[in-house]
Amino acid sequence: MENHDYTQDEAYMKHALQLARQGEGHVNPNPMVGAVIVKDGRIIGEGYHQKYGELHAERNAFRNCIESPKGADMYVTLEPCCHYGKTPPCTEAIIESGIKRVIVGSADSNPLVAGKGIAILREAGIEVTEGVLQQECDELNKVFFHFMKTGKPYVMMKYAMTMDGKIATHTGASKWITGETARQKVHEDRGRFMAIMAGVGTVLADDPLLTCRVEGKKSPIRIICDTHLRTPVESQIVKTAKEMPVIFAVSQSADAERKALFVEKGCEVWELPEKDDVVDLNLLMQRLGERKIDSVLLEGGGTLNYTALKSGVVNAVQAYIAPKIFGGTEAKTPVEGRGVCLPEEAFKMKNTKVSFWGEDILVEGDLIQPNIEK
């Protein structure tokens, strides 16, 4: 095996990562992937997975080649696929091209690939280097890896609050807690997730559209948890159902005539059994996974947020903190319900990060599931 410059490998993989990110929000439930072809120290082709159902990164890189890739190196952020799906296997294209070495960031957790792609390349006499910038490549596709492992969407719970932990004043007024910069970041995140979920309380209080207002990004599928179907028919969510998909998760006991009316307006109505007086969120996630919805941005009120945490469906949390204080014992907080009994039962985070968006602070982290009674 030849000796290779690992620093150079990292530099080309960083470029492949930058390419991969351009597919964000357009490739779900597929992963974001970037590929770079290097020959004699020059990039001769590059590409990324642009849209679900279209060519994968490797084939786009070959298509964009300015000269023959024979004898070149290929850098790819994720193990090349080796199965027939929406497109033919990328391993075939790599072998046929005459590429002599493939440098891989992440291994693919899709059971149809999972190490087989690398094995096929090696059997064909191609040198494979694994794990270059693996941490960055894994982080890029944590939604995809979670979905492949569990068959359920990755759920990010997001809320904005004041320094004293309020999401609205005692009158219910909540616009706006954070500034323009933070709100723009939220819209960009909406464009990254396949779905956005809120409760009927949010709909009744704010009459939101729950869309993404960023040019070039698509709006997520809207999911409303509304056990007894109390959403007003004249709400913006219902009025726009024929243009932008909306799913109402309701109890099996919800009024049949009302359900028919919502379907007539263009809404999907999913009947689910109740658990603790609300729709069973675990069953909802299972059904969303079957629908190939790989990610959900949860923008709920205090009731839905607590139910989601208690149900164990939340994977990560984003908390925007505005430098202001509302006060008030009647003012709403981000997580209501009964809460935990003891501090050691708290919902805890790991891998926490802090960033500033204008004057507002964003604290985010991955949720560690606590051992409390579900």
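The values are calculated or read from the model by the stated rules, or taken from the named source; none is laboratory data. These numbers were taken from a predicted model, which means no experiment stands behind them. FYI the Cβ positions are ideal-geometry reconstructions off the backbone, even for glycines, and counts take in every protein chain you see.
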Q) Which residues, taken from segment 49-83, are over 25 Å from the mean Cα position of the chain (by Cα) and in a loop (DSSP other than H, G, I, E, B)? A) ASN64, CYS65, ILE66, GLU67, SER68, PRO69, LYS70, GLY71, ALA72
Q | Residues that are surrounded by 15 or more Cβ atoms within 10 Å (Cβ to Cβ), within 16 Å of LEU288 (Cβ to Cβ) and in contact with a helix residue (DSSP H, G or I) (Cβ under 8 Å, 6 or more places away or on another chain), drawn from segment 248-274 | A | PHE248, ALA249, VAL250, CYS267, VAL269, TRP270, LEU272
Q: Run GLY301 past the list (1) farther than 23 Å from ALA173 by Cβ; (2) at pLDDT below 95 and report the number of the one that doesn't hold.
A: (1)
Q: Hey, could you check segment 204-233 for residues that are touching a Ser or Thr at 6+ places or on another chain (Cβ under 7 Å) and of a type in the set (Val, Ile, Thr) and say which is farthest from LEU288 (Cα to Cα)?
A: THR211
**Q.** Within segment 143-166, considering residues that are exposed (fewer than 15 other Cβ atoms within 10 Å of the Cβ) and either in contact with a His (Cβ under 9 Å, 6 or more places away or on another chain) or charged (D, E, K, R) (or both), the one nearest to SER109 (Cα to Cα)
**A.** LYS149
Q) Which residue pairs have Cβ atoms closer than 7 Å, lie 6 or more positions apart in sequence or on different chains, and pair a first residue in segment 13-31 that is surrounded by fewer than 16 Cβ atoms within 10 Å (Cβ to Cβ) with a second residue that is aromatic (Phe, Trp, Tyr)? A) GLN22/TYR48
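One line per residue, one yes/no per condition, for (1) free of Cβ contacts under 8 Å to residues at least 60 places away in the same chain; (2) out of contact with any Asp or Glu (no Cβ under 8 Å at 6 or more places or on another chain); (3) more than 24 Å from GLY25 (Cα to Cα); (4) not polar (S, T, N, Q):
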{"residue": "ALA182", "(1), (2), (3), (4)": "no, no, no, yes"}
{"residue": "LEU209", "(1), (2), (3), (4)": "yes, yes, no, yes"}
{"residue": "ILE224", "(1), (2), (3), (4)": "yes, yes, no, yes"}
{"residue": "ASP255", "(1), (2), (3), (4)": "yes, yes, yes, yes"}
